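Just below is one structure, and these are the notes that go with it.
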Amino acid sequence: MELIITSDYASMNRKAADTISATIKEKPNCVLGLATGSTPVGTYKELVKRNQQHQIDFSQVITFNLDEYIGIGIDLSKPYSQDQSYARFMHEQLFSHINIKRENIHMPDGTAENLEKHCSDYEQKIKQMKGIDLQLLGIGANGHIAFNEPGSSLASRTRIQPLDPKTLNDNYEKFYKKAGIKKEDMPHYAFTMGVGTILESRHALLLGSGKNKAKAVAEAIEGPVTSKITASALQLHPGQVTIILDQPAASELTWSLKLVRENLA
Ligand code: PGA
């Protein structure tokens, strides 16, 4: 596990974009797993800038998003509605600004008729593409990765998951409130890649920003592996794991910070 502590959010995003760019340069038709939420917004901005400056090329890149709310979703062939879908978020933050092919974008559809089949088909599609080369992840204040809420099996696969009250609250404050949507009207279930699915990515890249993530980050990196903090499963990831944090998110680490300080001394 490689741990990188950066001075602030902007440098965390530059480092994350460096890692993603390196993967694309090494394998132009790589499969990227993508995340939503407030954390990766700056990384996506950095990727858009680099793509527009012709430093990276998304023309052969294939993507799979981690999750989506149940009950909302958009038809990518139509103009976006003003919903809170992660599909719309991805198009606004990244896809509509880069030279990615629409057919190479895979997003779960929160309105799929047969959700169980949709989950197994999604896993199947990832397998057909020979797995995920680089999986970008955020971490929830409750330690979740994707929507693998506390208590999710560390071997779990892609499925429909009820949302934890903490997640509902955090996401309501960040996204739904400003859209004028009542809390009781926001979706309470989500489609999510499983922890087991995420552990099959060849390289996992976890980003953490802000003081409100510090406790979850410390538990995930230095605590025991537990389904209460599903990000802790990354300790068991058999491939490469890179964790990039800004200083506030790293502030509750103990021995890792000591090691960093000693090595800088
Ligand atoms: P955030 O969410 O990036 O909006 O903080 C991360 C997550 O819940 O996975």
* To do: Would you check which residues across region 241-253 are surrounded by fewer than 24 Cβ atoms within 10 Å (Cβ to Cβ), in a strand (DSSP E or B) and aliphatic (A, V, I, L, M) and list them?
  => Val241
* **Lone unmet requirement of (1) farther than 20 Å from Ile126 by Cα; (2) buried (at least 17 other Cβ atoms within 10 Å of the Cβ); (3) not acidic (Asp, Glu) for Phe147** => (1)
* Selection within region 7-42 - out of contact with any Leu (no Cβ under 7 Å at 6 or more places or on another chain), of a type outside the set (D, E, K, R) and within 27 Å of Leu259 (Cα to Cα) -> Ser7, Tyr9, Ala10, Ser11, Asn13, Ala22
* Residue ranges of strands (runs of 3 or more DSSP E) in region 148-240 with at least 1 members within 13 Å of the ligand (Cβ to nearest atom), touching a helix residue (DSSP H, G or I) at 6+ places or on another chain (Cβ under 6 Å) and touching a residue at least 40 places away in the same chain (Cβ under 8 Å) -> 203-208
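Values quoted throughout were computed directly from the atomic coordinates according to the rules given, and no laboratory measurement underlies them. As the structure is a computational prediction, the values presented were derived from the model and not from experiment. Positions of Cβ are backbone-derived with ideal geometry, glycine not excepted, and every protein chain shown enters the neighbour counts.
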